[in-house]
Amino acid sequence: MTSFADRLARPPLDRASLILLGATAVVLVVDAWVLATVPYLAPPGSVLREALFAVAWIAVGVVAMWLRRGLLARRILALSLVLAADFVGSFGLLGSDPMPRLLVTLTATLIPLQTALAVHLGASYPTGRLLDPFGRRVVVAAYAVAGVEAVWWTFAHVSARTCDACARSYLHVVVPESVHRAVSLVIGAAWVGLCACLLILLWGRYRRAGRRERRLLRLPYASIAVAAALYAVLSVVAAPRGTSAWGVSMTTLIALQVVALVAVPLSFLVALLRERLAYRRIGELVVKLAGGAGADLERSLAIALGDPTLTVAFPVGDGFADSRGRPVPRPEPDDRTTVTAVGEPEMPMALIRHDRSLDEEPALLTAAGSATRLMLENARLQAEVRAQLREVRESRARIVNATNEARARLERDLHDGAQQRLLAIGIALQLLRQRPGDASLFDAAEGELTSALTEMRELAAGIHPAVLTDLGLVAALDALAARLGARVVLEAHGPVRRCSPEIEAAAYFSASEAITNALKHAAPTLVRVSVIDRDDRIVIEVSDDGAGGADGDGSGLVGVRDRLASVDGTLTIDSRRDHGTVVTLEVPCA
Amino acid sequence: MRLMVVDDSLLVREGLIALLAARGHEVVGVAENPTAVPALVRASTPDVVLVDIKMPPTYTDEGLRLAAGIRSRHPGIGVLVLSQYVVGSYAALLLAHAPGGVGYLLKDNVLRPDVLETAMSRIAAGGTFVDPVLVAHMVTADSSLAVLTDRERAVLRLMAEGLSDRGIAERLSVSLHTVYTHVQHVFTKLELPSTSSDNRRVRAVVAYLAARQG
């Protein structure tokens, strides 16, 4: 994960690219001087073509450098430099003066290097980096083949065989035609294999790319693919003969190749400019947000950054929420996406999950982040409020439900217990009127009366124990512990203040629920309850030596949490399996 | 009278049986849940079945449904629903399914021999009985009855309890004609559709009161 802070400053122009550009300029001046002074074989059209080609690449390299795409710019400008250096070598300089011969000797190695650099550029487009092992292997292989070919060309330059008047390399040796053909064929085959690998590599990348990345890759990848395919065809069929196996003339093929090779830098240029256009959308975003139309920030950002899959998550409480306050999992990067934090990396105000390709445009992300910073903060606050509101609503609904359930239970207890018993007593008394001496009727009535009294007392204690109102929390918990038997012990404590009735009630019933819960689920031998008066809070700890592994979201304790939350109290559970459970309840007590 | 007792509480069931027997009634059948009742009713043909309103399995409307079932299959057998709920809607529901031959008695009133006897005999004769305590509760709670005079309100209550015009006249010591006039006024003022049958009249009045009670 990266942060906007890292991306804030607009970086200076890439130094290596600048050096490469300077070198290219120097070489071009030398080229012009050579072409003006030394005679050569190639027609002016062909010179123009090569010049156009070199200029196209230099232009793209400069644009890439200007857009702070340093690595890509380096790859492109390196290719431009070699193209410029090879410029004179490819025209068939004439004569046997030391000057043209030296130039031919030096440039013979450059034509194969061009191909390897082109493969490197194609394989590392659009970032300039090679992250996958397959891509790295293809590029290494390309440099290896280029090395071999360079050595071969140094000693057996093609022009030496086809043109008698051409300047000879100082290292030139005469090679039999059959050997020449065989070696050319092997090297050609190697390039075909490499071109195939490059096509496979690009296809795989395209398939894995996200929607935004695909849109950016489509045109450049298509032109690279066509150029690579044509180069492969030329390497095999055209090198030794004048026409291809399919009867297409050499000239046509070369023309096609030139078109493809010019198309590649042009497509790069279009892709770069298209990215550049994205900044205008940021401008539009700013205008739109200033106009107050930023209701759906996520959508606005998605449009501005050209990434329909973009999502924004805000840190809320312990988790994350979307702009509507709905809880969402923490955004995690995957094959196609990256997560960028806005604000401090440790305490981000928002996490933006976006298409991987945006990583290459840190400035764009920074611009979008800066433009929307206030809005994002605003949206985060809104998301937080919404999330809290949702929690409050849910909690309130649970409290209402719990209250209704408690009422229904109370009604059932009264109707099925006390009322039935009183009715039975009434019936017994009626019968006694007719059979005054019946002792069993007296016994039955008395028994029912005793049971009814006990039931009423317990019921009343369950609704609101009088001792809580009269003597406070500790006395009430003491009475509860006494009622529950020897397994529940109220431990020593200092003096505990009296709090407001609703806080004492919330604390008492939460504690009693926690104790009942422990007795019911943990099968403990002992439940300890302690009450501590600490500053402005009352802390009740209910610890058991039972099975542990209690779940704070289990319905019993959710009710407790809600009840405590209604008086701004809190509940924490520490429960590891086989280590018992400690439930800590805290309520404010002013 | 030949009676049958259906109640899931042992205490109440046995008490009722002893009480009814002591008052000279013959208890011909006993059940603790609704399942066995239809067969028992067919076999023992009681005059009145006393049914607890809440019974297993769900403790919701088993008693009311059982009452409707018995009434539809055996028009000659009355059903008295014993309830601990002072809730008009239960009575209205009972009457909606079976006008006539049914009654709604609060359990406390089982202890009052006169009320219990009145209820059972009226139901056995095909009439309707609604506990006076419930009716009084509903009438007191209903502010819309302010349009009625005291006398009319008294007539309304007795109508709701299930009394006939003659019964009302006797209770209030007035002439039958006077009762007839009061009844007409009550129906007009409350905008109730007038009806010829006593049972339908009870149903209409109880439904009105229960609906007003909400």
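When the chain is fully extended, how far beyond the present Cα-Cα distance does A:Leu266 get from A:Ala439, taking 0.36 nm per residue of separation?
Using 0.36 nm per residue and subtracting the Cα-Cα distance, I get 50.9 nm.
Note down the magnitude of the dipole of the protein assembly as shown about its Cα centre, charges +1 on Lys and Arg C-beta and -1 on Asp and Glu C-beta and zero elsewhere, to the nearest 20 debye.
3360 debye
Among DSSP bridges having both ends in the stretch A:294-389, what percentage is antiparallel? Round to the nearest 5.
Of all bridge pairs located within the stretch A:294-389, approximately 100 percent are antiparallel.
Could you list the residues of the stretch B:146-169 with an amide nitrogen less than 19 Å from a label point located 7 Å from the Cα of B:Thr188 in the Cα-to-C-beta direction?
B:146-157
What FRET efficiency comes out for A:Val489 versus A:Ile463 if R0 is 35 angstrom and r is the Cβ-Cβ distance? Round to the nearest 0.05.
It comes to 0.90.
Run the simple label-point estimate for B:Arg73 and A:Ala222 please: 7 Å along Cα→C-beta, distance reported in nm.
The two pseudo-label positions are separated by 8.1 nm.
Relative to the longest principal axis of the C-alpha atoms of chain B, give the angle of the C-alpha long axis of helix B:88-97, reported between 0 and 90° and rounded to the nearest 10°.
That helix lies at roughly 80 degrees to the long axis.
Tell me, what is a quarter of the convex hull surface for the C-alpha atoms of chain A, in nm² with one decimal?
Quarter of the Cα hull surface area: 44.7 nm².
In nm, to one decimal, how far is the modelled label at A:Thr584 from the one at B:Ala211, with both set 7 Å along Cα→Cβ?
Result for the modelled spin labels: 6.0 nm.
Using the alpha-carbon atoms, what tilt in degrees (0 to 90, nearest 10) does helix B:150-161 show relative to the longest principal axis of chain B?
With both axes taken from Cα atoms, the answer is about 20 degrees.
So if R0 is 22 Å, what FRET efficiency would A:Ile19 and A:Arg373 give, r being the distance between their Cβ atoms, rounded to the nearest 0.05?
Plugging the Cβ-Cβ distance into 1/(1 + (r/R0)^6) gives 0.05.
Evaluate the distance, in nm, between pseudo-label points positioned 7 Å from the Cα of A:Thr37 and of B:Arg200 along their respective Cα→Cβ axes.
Placing both labels 7 Å beyond Cα along the Cβ direction yields 12.8 nm.
Note down the relative contact order for chain A as a percent, whole number, built from C-alpha pairs under 8 angstrom at least six residues apart.
9 percent
When only alpha-carbon atoms are used, what values of Rg and Dmax, in angstrom, describe chain B?
Gyration radius and largest Cα-Cα distance of chain B: 17.0, 50 Å.
Tell me the mean residue ellipticity at 222 nm calculated for chain A from its helices only (DSSP H runs of n ≥ 4, each -39500 (n - 2.57), averaged over every residue, nearest 500).
So the calculated ellipticity at 222 nm is -21000 deg cm²/dmol.
Among A:Lys520, B:Lys107, rank each residue by its count of other Cβ atoms within 10 Å, from fewest to most, as a rough exposure measure.
A:Lys520, B:Lys107
Of the beta bridges DSSP finds with both residues in the protein assembly as shown, what % are antiparallel, to the nearest 5?
Once the DSSP bridges in the protein assembly as shown are tallied, antiparallel ones form about 60 percent.
Between the stretch A:432-463 and the stretch A:86-162, how far is it from one alpha carbon centroid to the other, in angstrom?
110 Å
Measure nothing but the geometry: give the 0 to 90° angle between the long axis through the Cα atoms of A:133-155 and the longest principal axis through the Cα atoms of chain A, rounded to 10°.
On a 0 to 90 degree scale, this one is about 10.
In peptide A:428-437, how many Cβ atoms from other protein chains are near each Cβ within 10 Å, on average?
3
Would you mind giving the average projected area, over all directions, of the Cα convex hull of the stretch B:88-214 in nm² with one decimal?
With every direction weighted equally, the projected area is 7.2 nm².
Between A:Asn401 and A:Leu471, what's the calculated FRET efficiency when r is the beta-carbon distance and R0 is 35 Å? Round to 0.05.
Computed FRET efficiency for A:Asn401 and A:Leu471 comes out at 0.65.
Throughout, read-outs are computed from the coordinates displayed, never taken from laboratory work. Values in this document were obtained by computation on a predicted structure and should not be read as measured data. Methodologically, a virtual Cβ is constructed for each residue, glycine included, from the backbone with ideal geometry; neighbour enumeration extends over all protein chains shown.
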